[in-house]
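The values are calculated or read from the model by the stated rules, or taken from the named source; none is laboratory data. Not measured: the values here are computed from a predicted model. A quick note on method: Cβ atoms are made from the backbone with ideal geometry, for glycine too, and the neighbour counts reach across all protein chains shown.
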Amino acid sequence: MKGNSYTSKLRLGALHCPVREFCPLAFLCAKPFDGDRLLLPNIVTVGYREMFWTDLSARRQACVFDGDAVKDQINSLGVPAVPELLARLSMNQATCAHGQKLTLAHQRARDKVASVLLRLEAALLRDPAFGGTVPLSYDDIAFLACTERATTSRELKAFAHDGLIDLSYRRIGIKQGLHEHYGHFIEAHLPFYDEAG
């Protein structure tokens, strides 16, 4: 593939990224700088059990930008854009930390698993394309709930048996019954999940 074709493909992919609306660094994607050059991210595949996030949006890929370029771009924004960007990053991190504390506060494994499912659904509902299915495996849920894989599997199968969720390969469909049984959890009503920004 020719260099200019590859660059055009990267630019198009950046501009149509499915999480662009929620990404605090989306202003960097495909932005012209230094003449005709474009600031494009390097896409890094996230390995198994190497999950990382700020707002519980689990993804299998991550964007990596050159640190100096990011610093220069942020410094060029000025007021009020820089404080707004930093506030958004801080809010995403606080959301994750607070939600994780609420999950770990539950004593029963079943409640921890339900807490994770409710939090993930709340975060993913911000995406208009979300159809009610959380794209995670048993291992991913166990990792977030801080429970053993076997325990998590048992609880998820119990939820499915009770008609609260649907299970398929690396997919968990959330049903209304989960909200009816666990909607009283604080994490089911966190206000910052209602904000698109």
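Values computed for the structure shown
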read-out	value
Failed condition for V113, given (1) in contact (Cβ under 8 Å) with a residue 60 or more places away in the chain; (2) assigned to a helix (DSSP H, G or I)	(1)
Those residues of region 143-192 which are in contact with a strand residue (DSSP E or B) (Cβ under 9 Å, 6 or more places away or on another chain) and buried (at least 19 other Cβ atoms within 10 Å of the Cβ), in sequence order	L156, F159, L164, I165, I172, I174, L178
Index of the failed condition, N75 passing every other in (1) modelled with pLDDT of 80 or more; (2) within 30 Å of S153 (Cα to Cα); (3) loosely packed, with under 13 Cβ neighbours inside 10 Å	(2)
Answer residue from region 1-22, given it is at pLDDT 75 or above and in a loop (DSSP other than H, G, I, E, B) and is farthest from D127 (Cα to Cα) among those	H16
Matching residues, region 126-168, being among the acidic types (D, E), closer than 26 Å to R20 by Cβ and part of a helix (DSSP H, G or I)	D140
Criterion violated by H189 - all others in (1) under 16 Å from T103 (Cβ atoms); (2) touching a residue at least 12 places away in the same chain (Cβ under 8 Å) satisfied	(2)
Pair list, Cβ < 8 Å and 6+ apart or interchain, from region 147-170 residues that are closer than 13 Å to L117 by Cβ to residues that are part of a loop (DSSP other than H, G, I, E, B)	E155/T147; L164/K175; I165/K175; D166/K175
Out of R108, R149, R171, R154, sole residue that is on the phi < 0 side of the Ramachandran plot and either assigned by TED's automatic domain parsing to the domain that holds L25 or touching a Phe, Trp or Tyr at 6+ places or on another chain (Cβ under 8 Å) (or both)	R149
Filter result (touching a Lys or Arg at 6+ places or on another chain (Cβ under 7 Å) and over 13 Å from A123 (Cα atoms)) within region 91-103	T103
